Structures are given as C-alpha cells and as structure tokens.
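The values are calculated or read from the model by the stated rules, or taken from the named source; none is laboratory data. What you see is a predicted model, and the numbers here were worked out from it, not measured in a lab. All Cβ positions, glycine included, derive from the backbone under ideal geometry; neighbour counts span all protein chains shown. Accessible surface is based on the protein model in full, side chains and every heavy atom, while ligands, DNA and RNA are left aside. Shrake-Rupley method; radii C 1.70, N 1.55, O 1.52, S 1.80 Å.
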Protein chains: 2
Amino acid sequence: MSVHGLTLGDILREHRRSRPRVTASVDGGVRLTYARLDDRVNRLAAVLAAAGVSAGDRVLYLGRNSVHLQEGLLAAAKLGAVFVPGNRRQSADETAFVLDDLAPAAVLWQRGHDAGEDRAAADARAAAGAPGRWLDGGGPGYERLLDAADPGDPGRPVDGAAPAVGLYTAAFDGRPACALLSHDALIAHSAAISLVRRIGPGFTFLNSGPLFHVGTLMFHLAAFQAGGTNVFLPAFDAAEAARLIEAERVHQMFGFGPMLTAVAEANRGPGGAPRHDLSSLASVAHSPEWDAQVSVGTDPWNASGMGGYGQTQVGGMLTFLALAPDGAGGAGRPSPFVQVRILGPDGAEVAPGATGEIAVRGRTVFSGYHRRPGLDARAFAGGWYRTGDLGRREDDGTLAFIGPRLHMIKSGNENIYPAEVERALKEHPGVADAAVIGVPDPVWTQSVLAVVSRTPGGTATERELIEHVATVIASYKKPRRVVFTDTVPRAGAAPDYAALDAAHGGGGYPGEERRGT
Amino acid sequence: MSVHGLTLGDILREHRRSRPRVTASVDGGVRLTYARLDDRVNRLAAVLAAAGVSAGDRVLYLGRNSVHLQEGLLAAAKLGAVFVPGNRRQSADETAFVLDDLAPAAVLWQRGHDAGEDRAAADARAAAGAPGRWLDGGGPGYERLLDAADPGDPGRPVDGAAPAVGLYTAAFDGRPACALLSHDALIAHSAAISLVRRIGPGFTFLNSGPLFHVGTLMFHLAAFQAGGTNVFLPAFDAAEAARLIEAERVHQMFGFGPMLTAVAEANRGPGGAPRHDLSSLASVAHSPEWDAQVSVGTDPWNASGMGGYGQTQVGGMLTFLALAPDGAGGAGRPSPFVQVRILGPDGAEVAPGATGEIAVRGRTVFSGYHRRPGLDARAFAGGWYRTGDLGRREDDGTLAFIGPRLHMIKSGNENIYPAEVERALKEHPGVADAAVIGVPDPVWTQSVLAVVSRTPGGTATERELIEHVATVIASYKKPRRVVFTDTVPRAGAAPDYAALDAAHGGGGYPGEERRGT
C-alpha cells in the first residue's frame, strides 16, 4: 500500500477520527455521526465479505435514496468492490439486463421500494438463477445483519486507481454501459466541485435528486469528502424538502427549475407567508417567490450554479461556468484537474474558433466501461478520452459546448454539426423546434435537410429560414431543404435522428460506422 | 501515459489554452500571459534538454525570487527533472555540500545575485570540477539562450508520481537533506490550500518570502494551479511590497509579524496617511495600523490565516486551523487529502488525549529524500510517513501540535536544527562539546543559545565562536549567546535538551504554547 494512497474508505477512516461527533448523515429519524457511520460501514463490509464480495466485484443497490445507499457505497469501497446504485425508474427488462451485464456478487435490495423494480427483481431472480447474494438493503433484516457483524475495520488494502462506483449511462448501442469511476477520480472530482462551489466543513447537502444519477451523487460525495452532512430524501417531495432545508440548515440541494417551483409552492403557507425558513439555501435565481426566500448569491460560484459541461464519464462536471463567468464560451473553463483538447476528425487539435470533439485527460476521467472493450477502444483512442461531444475553444480560451458528435454531416469536405444548425434555426422567432439530418448527395457526399415545426401562427418559409441560418453561421452549413412538420420527434432530450433519417431519406454519415462499436 | 495523468507541465499546457490572455507572472517590468509563459518555458526546456537534462535529473537554481525561478521549475517539470531552488542565504560551504549531494545536471545561476553565493559558486566550481552545466539563470545571456531555442512543447511523457521539486530541509544528522515532492503531491497540496484559503481564478499572490522555502512556494504553486497571477519580489522590500499590493491588487502575500509591521511602517506617508491602498490584501489581524488598511476577514479561512501544522515533507501544510476554528486542538483538522495517525513508540495508534508522533498517509506526502536511504527507512517505517513531530488528537478529533520530537528551533520563521549548529561549533578547534537550544525571543519567537565546553587549554571567546558559526552556515543560524560549561549534559548520545532548557531558560519551541490546550 503506497504511502500516497487515498481511498473513499480512507476518507471515512480519517473522518471518524477528526470528526467523531460531526453529523454525517440524516435520513428520516436516523442521525449518524461519522464515528457511528464508520462503525455501520465496517459491519456492512463484514456482511458483504461474508457474502463473498471481494476486490473488483460489483455490489448492486436496488433501493431508494437512503443512508443505506451511502453505507453500501462505503462498505464496498473498503472491500475494493464497485458499488452500482441501480436506476429505480427502470423497467423490469432493464433491471434484468443490468443483472446480467453486471453479474453482481451481492445485491442490496429494498423490498417494495418500487413496484416496477420489485417485479423486475422477482423476474430477474427467476430468470437468471438469482445472480449474487440478495441481501435486505434497508429493512429490519438489514439491521439484524449489521447488529450481528463485527464493527472492526476490514483493513483490506485498496488501490485508489480501482473503480469504486459504477453508473449506467452511454446507451450508444441501444443498451446502457456501466461507467466505472475510481476512488482517485471521485476524490479529484469532489475536490473540483468543492473548489468551485466553496464546499467546506459544516456544509449540508440535501440529496433531493436520485443518487443513481451523477448530478446528485457528485454533491453527495463532495459533502462527504468535506466532512459535511448529507440529508436524504427517499424520493423527491417538495414539502418535505422545504421542511428539511429549515430543520437541517441545508446549504445546497439538487434541483432544477420545476423542482424549485414545486418547493416554493409547497412552502406557501396560509396568507402566502412561507411555512419554512429557506434562507440557508444557496441557489441560482429562479423566480421572484423563490429568490425572496433563499440566498441568491452574486459571486460567480453561486450565481452561475452548476453551469458548465459535464458527463458521467468524467465524474460529473468537466468545465465550470464559474471559472469564467464573463468568458465568450458558455461552458466556462475546465476543472483544475484535467486538460481539454478540441480534436478534429484526424485526432489532431484544432485551432481556437473551430469545432471539434471534446477530449480530456486528467484525474476525474472514468476507468472505462464494465465489460465493453469495444466502447473503451473508441473512448480512449490516442491516449485521451473522447467525450463523443462537440465543442469549441473561443479566442479567450473558454469553451463552448456544441452538441453530440454522432450524426455529424459531411458536405463538400466540410463538417457540419446538426446541433449547431439546429441552434441557428431555433433562434428564428417563427421556429418552435428543429432537427437537422444529412441526406446522401451524389456531388457533395451529403446535403443538409432541416425538419422544422413552426410556432403557432408562424409563417416562416423555407427560403426565409435558409437565409436566416446563413446570417447566423457559415453559409455552407445552411439547409438545402426545409421540411415542415407538426412535431419534431425526440428521443429523450435529443432529436430522434433514426426516426428522422427513416422518414426523410437521411444517411451517408461519415461517423456512421462508429455507431455500432 | 495514463489518461488520468496530470503534471505541472500539463497544468501549464491547459492554462495556455484556457487562459491565453490572463497574466501569469509579474516581475519588475516583465509581465507574462500564460501563453507567453508557456512559450518561454518550452524554450527553456529545450535549452535544458540540450544541456543534457533528462528525466530524474536535478536542476539547481541559484538566484533570487524571479519569474526565472518559475520558468526553471516548469521547464524542469516538462522534462521530468527535479527543480531545486537553492537557499540564497546559505554559506559557501553549504552550497558546496548541496552541489556535491545533488550532482545537478544543470545549474541556473544568477551571477552576483548574492555575495556569499557568488563566492560559494566560484569555490564550488573550482573544487568540484563544475558539476552540471552552469547556465545564465536570468541575465542577458539567459534571454539569448531562450531566443535561440525552439518554442515547441517538448511533449515528453512525465509520470505524475515523479519528483518535480526538491527542497533542502531536515538537517537531522547535521546536514540538510533534499525532500523530493512529486507532481501529484504538489497538485494535491495546491488543491488543499486552495480549498481552505478560497484560492480561485483571478487570485493574485505576492511572492514576498523566499521561494526556496515551502511557506512561499506553496502559495506560488497554488496561484499557478488556479490560473492566477504570481507577483515576484526579488527579495523582501517593505516599500516595494506596499506599492505592488496596490498596483497589482494583490490578494495574499507571504508575511509573518515583523514583515507586516515593516510594510505598515513603509506605507506610512506624510501626515501618517497610507501611501498605497492595501485594501485588496486579505490578512490576519496584526496591529491597529495594519488592520485598518487591509481586509481582515472574519471567516475562518481568512481569520485563522495559515494556522495549522505543516512541514516541507508534506508539501507545506498537513492540518488547517480553518477546518476546525472552534476545535480543542490548536492545529485544526487535516487536509482533505491525507490521513493522520498519532503513533506511540511501538508504532500503534494511541488513544485521543495521548501524545505521540504525528504520522501521515496521503496525496501530499513527499517521495523521500534525495539519496538518503537511512533517513527514508526511518521516515516511512510501517507504511506511514513519520513526521518526527509530536501531536495529540483531542476528544473532538482536532489535532494539537506539541513540538518536534527532536529539538528544532524556530527563529524569524526559519527552522534551525540544533544538530546543524552544534556541528558547526564542534568544527572549531577550541570546542570540545556543544549543544544548542532555543530561548524565547519577543520578536523572533526564539533565539539560539549555545552551551559549549572548551577543549583543555582552549580560549575561544563567545564572539569568536559566533563569528565562526556564521562563516560555516547561514548567518541567521548563528547563536546569539554562548554559555561556557565544564560538561554538556547528555541523555544517551544526544544532548539532554530538557536539562539544558531548565538550566538556561530555554523554551518557546513551536507548539509549546499549545501544550496546555
């Protein structure tokens, strides 16, 4: 074991010594100090070890946001195992896929935590011969297991470069892949967001989003690393969130627009006065009602919120708007622990102002996907992690995020990125939504076709929109044709390019051969 | 090269892209952006490579605080070499020892930067057959070398675990040893002080203390890592410091009590009004005159200053008072990237409340001493780095620093190792035995008192011995007083420092005032 090593287990070991009386976790009626959390984590590690979990094994958690998720993560970390918080919104089929793909040595399962998942778990156990040991993940059986276990530290040597957490993402080929994040990467990422968001001792975070998603998990881990307090909401509940913000003097929560609106509404008491004091909460500006109750900072670290660009595969955030609040690029500047390069199709760095694929090296980069050598080969080609996203370095050095690389259009030897053309189209007042595809062209390889839905009463013509795009971005990127439609089909947040290609004769993309890897 | 790697050279590579127009360095009339700094570093790396510097080689810098020191550090870093900023206050004998011990591949030498060192360098070159290539370290010859060199990045692969900086310290056995700090350790340490001191973009640091000392160097590196601005003072000059604070809107400087008093006095204009606006400077409270001019914060990160416990061998600071401002232990809590254990003589952890040796594992720990396997074996026994200092874990988990296990003296912020002074005294033919203690000093914390037994028939006077010591080692290490005795009391092989302290009014050793807490 190197004298320079540091793992998530080591951080907990230090916290139990440096912060024995500090509150680590609040979950309903349960309050744990760091000393008590470490005792329980040691006991759970003993339970998992007895169930056969060794270094490199996966531990799957099927349950709600809970201190038991934190205990599971840290117990797996002390054994050198990989903790995978399962997506509780996934279907039975998806759960069956995850069980098969992950082959977990143990499953921490909260019976009845979700109807769909219950069914999924039951189906999967039947179908797959119950891979791994299924253990009670939070009920009375869980407490009995812990009570019977040894509270001594397992003391196993764990390499900081070993994966500690796996998160399913990146369904490039139609099935999600499990991105593996090492202790080193998670610790560096926590340091980065702690620097940018000024997370320090006494910090209290409300785990109000799902912990199987990096957006909440990254703050959870940063609060833990800082020796702060994690407050858990089993699932999002606006009224309970408001109560907890006051009761625990919460500093930050995970929340995007509709969640903040819901909390403000739930906190509206008789006569309109707020039920709970939310003033401890640092937040971006959102609405007059919200802003009047919380602390809307004017410092970049606060006012810019989590602006920037990120991905599960880099631990969460790669760039932060707060590091360049007045920069030309909307994604700000990189985390202090990474290097970013914008690469052309040949893998060479492109000049400022040119669009290319965002590539990264550094501490927070993931360790590859679980059992997906094909995806890994593409992701790490050339010694850099290729994000699969397009960006641009502005003249002042700041970064702009353009959009996903897949579906790049090649026309007359020029690269045209649909996201860029779509953004230009949507700047026109008559356009409600837009998607851009490439259609085969005998002369130019491909030409650009736009599929557009108009705003109600909108009368924009094909010619008008083509001319508009040519005034906003380089003329060669403008559509040759515009097709109007009532609704642009979407697959999640992105246009459903496969459906659009099928409906409008798209094809001939240069990156197409990479879709299958 | 791992996709997770990050070196000081990589940070500069990213800065030149993310911050091409940000001012990296200000040194007299020279102002460098990060783009220009990287160009010059690349050129210097080419010069050093042509001089034969390879990975693992040492580059010794003999000169003042200067942007050339920063350039040398980063150029060595890009080659995987170790940069050693020489102590410019050291004697000719000490420089000769360093040249012999270090066997540098290249020496960056500022001719005439210091009378003693000039002499030392000349002596050493004559005596040692000029080890390494001696290059102009900052004069017109330096600029000519750079102008003729290639500004392309050397692009050599460098392992983050390789040493990047060497600092002479720890003269436990009478001669200082060169502590080697890796890229990884320095980057983690910069992250730690940046977290605690809220160092971020736009941060401007006045390099007002010597950069061969970790106290200034650690802020220099943190400012660099944050993409901030380093302003150099060639040597401390109170009036120039005041001018630069206003001109560059300096946020922090290196300064202890007497330095702050000197700046306040130098800034006293006609009629007592301040000459320069010092309000940009964050500082601990010091004196009514000082406090009225600077920004004395009330937040722990500011008000507690650099309170805590540290050592060159852990990159600077190991614990921070700002992480536990109300804690029972005066040294606060550890950096987020280390674990601390208090070990008994048997190497086992002692209980809270008991005193033992402070031991550490984690990212900021040094990589051992240059060519001192004996010291390394003791330092890293049992998989932890033993600091050689005594501490205690209080009931609330915070740490108290008790004092050196050996008997280090602190005078004007310099560490003086009794063994070093004792060796110098015993080199005098009239001295049979000698021991050195610290006695409390109202201005300098401590001053050096020597207890000496003469050789039979010896007639050496106090003045003669003080002058002798000043010719052998740095003048600030010489005794202020010499007391003659028949026999120097010994406890085993070492002087009986407790008896000497009791007999001669010794005390005020660092941390002593905290023994009662």
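Among what's in segment A:1-16 and is of a type in the set (Val, Ile, Thr) and not in a helix (DSSP H, G or I), pick the residue that is nearest to B:Val360 (Cα to Cα). So, considering only residues that are of a type in the set (Val, Ile, Thr) and not in a helix (DSSP H, G or I), the one nearest to B:Val360 (Cα to Cα) is A:Val3.
Of all residues in segment B:193-211, those satisfying the criterion of being away from chain A (no Cβ under 11 Å) and over 15 Å from B:Gly315 (Cβ atoms) are B:Phe203, B:Thr204, B:Phe205, B:Leu206, B:Asn207, B:Ser208, B:Gly209, B:Pro210. A single entry from A:Ala235, A:Ala285 fulfils the requirement of being farther than 18 Å from A:Phe205 by Cα, out of contact with any Leu (no Cβ under 8 Å at 6 or more places or on another chain) and in a loop (DSSP other than H, G, I, E, B): A:Ala285. Selection over segment B:212-236 of residues that are within 14 Å of B:Glu71 (Cα to Cα) and within 14 Å of chain A (Cβ to nearest Cβ) gives a count of 2. Checked across segment A:330-345, the condition of being part of a loop (DSSP other than H, G, I, E, B), more than 9 Å from every other protein chain (Cβ to nearest Cβ) and modelled with pLDDT of 95 or more holds for at least one residue.
Among the criteria (1) open to solvent by less than 30 Å² (accessible area, probe 1.4 Å); (2) modelled with pLDDT under 95; (3) more than 13 Å from every other protein chain (Cβ to nearest Cβ); (4) over 21 Å from the mean Cα position of the chain (by Cα), the one A:Ala264 does not fulfil is (2). The residues of segment A:6-22 that are among the acidic types (Asp, Glu) and over 15 Å from A:Leu73 (Cβ atoms) amount to a single one, A:Glu14.
One residue alone among B:Ile466, B:Ile473 is without any contact (Cβ under 8 Å) to a residue 24 or more places away in the chain and either in the same structural domain as B:Tyr417 (by TED's automatic domain parsing) or open to solvent by less than 70 Å² (accessible area, probe 1.4 Å) (or both), and that residue is B:Ile466.
Only one entry of B:Val296, B:Val350, B:Val284, B:Val338 meets the criterion of being open to solvent by less than 10 Å² (accessible area, probe 1.4 Å) and either of a type outside the set (S, T, N, Q) or in contact (Cβ under 8 Å) with a residue 40 or more places away in the chain (or both), and that entry is B:Val338. Taking each residue of segment A:1-26 that is within 7 Å of another protein chain (Cβ to nearest Cβ) and over 19 Å from B:Ala324 (Cβ atoms) and looking for partners that are open to solvent by less than 10 Å² (accessible area, probe 1.4 Å) and among the hydroxyl-bearing types (Ser, Thr, Tyr) with beta-carbon atoms closer than 6 Å, six or more apart or interchain, yields A:Val3/B:Tyr385. Within segment B:214-228, being modelled with pLDDT of 95 or more and not aliphatic (A, V, I, L, M) holds for B:Thr216, B:Phe219, B:His220, B:Phe224, B:Gln225, B:Gly227, B:Gly228.
From the list B:Val360, B:Val365, the lone residue that is in contact with a Phe, Trp or Tyr (Cβ under 6 Å, 6 or more places away or on another chain) and either assigned to a strand (DSSP E or B) or small (Gly, Ala, Ser) (or both) is B:Val360. Six or more apart or on different chains, Cβ atoms under 8 Å: show the pairs whose first residue is in segment A:371-385 and over 21 Å from B:Pro157 (Cβ atoms) and whose second is open to solvent by 50 Å² or more (accessible area, probe 1.4 Å) and part of a helix (DSSP H, G or I). From residues that are over 21 Å from B:Pro157 (Cβ atoms), the pairs are A:Arg378/A:Arg514.
Is one or more of the residues making up segment A:87-98 at pLDDT 95 or above and open to solvent by less than 30 Å² (accessible area, probe 1.4 Å)?
Among the residues of segment A:87-98, not one is at pLDDT 95 or above and open to solvent by less than 30 Å² (accessible area, probe 1.4 Å), which makes the answer no.
Mind listing just one residue for me: the one in segment A:244-261 that is assigned to a helix (DSSP H, G or I) and among the small types (Gly, Ala, Ser) and, of those, surrounded by the most Cβ atoms within 10 Å (Cβ to Cβ)? Going through the qualifying residues, I end up with A:Ala247. Put simply, of B:Arg463, B:Arg423, B:Arg481 the only residue that is over 29 Å from the mean Cα position of the chain (by Cα) and of a type outside the set (Phe, Trp, Tyr) is B:Arg463. Taken over segment B:394-414, the criterion of being touching a residue at least 60 places away in the same chain (Cβ under 8 Å) and either farther than 19 Å from B:Ala498 by Cβ or basic (Lys, Arg) (or both) is satisfied by B:Glu394, B:Asp395, B:Asp396, B:Gly397, B:Thr398, B:Leu399, B:Ala400, B:Lys410, B:Ser411, B:Gly412, B:Asn413, B:Glu414. Taking first residues from segment A:184-203 that are of a type in the set (Asp, Glu) and partners that are modelled with pLDDT of 95 or more, the Cβ contacts under 7 Å between residues at least 6 apart in sequence or on separate chains come to A:Asp184/A:Gly160; A:Asp184/A:Ala161; A:Asp184/A:Arg363; A:Asp184/B:His4.
Given the structure, is A:Thr398 over 30 Å from A:Cys178 (Cβ atoms), among the β-branched types (Val, Ile, Thr), buried (at least 22 other Cβ atoms within 10 Å of the Cβ) and outside the structural domain of A:Tyr497 (by TED's automatic domain parsing)? It is true that A:Thr398 is over 30 Å from A:Cys178 (Cβ atoms), among the β-branched types (Val, Ile, Thr), buried (at least 22 other Cβ atoms within 10 Å of the Cβ) and outside the structural domain of A:Tyr497 (by TED's automatic domain parsing).
Does segment A:384-395 contain any residue that is under 25 Å from A:Arg363 (Cβ atoms), surrounded by fewer than 22 Cβ atoms within 10 Å (Cβ to Cβ) and among the aromatic types (Phe, Trp, Tyr)? No, because not a single residue in segment A:384-395 is under 25 Å from A:Arg363 (Cβ atoms), surrounded by fewer than 22 Cβ atoms within 10 Å (Cβ to Cβ) and among the aromatic types (Phe, Trp, Tyr).
The set of residues in segment A:267-280 being open to solvent by 50 Å² or more (accessible area, probe 1.4 Å) and either of a type in the set (Phe, Trp, Tyr) or in a helix (DSSP H, G or I) (or both) consists of A:Pro270, A:Gly271. For A:Gly310, are the conditions met, namely being closer than 30 Å to A:Tyr385 by Cβ, of a type outside the set (S, T, N, Q) and assigned to a loop (DSSP other than H, G, I, E, B)? No. Against the test of being open to solvent by 10 Å² or more (accessible area, probe 1.4 Å) and under 23 Å from B:Ala75 (Cα atoms), the options B:His213, B:His189, B:His183 yield a single qualifying residue, B:His213. Among the residues of this structure, A:Ala241 does not count as one that is part of a helix (DSSP H, G or I), of a type in the set (Gly, Ala, Ser) and open to solvent by 10 Å² or more (accessible area, probe 1.4 Å).
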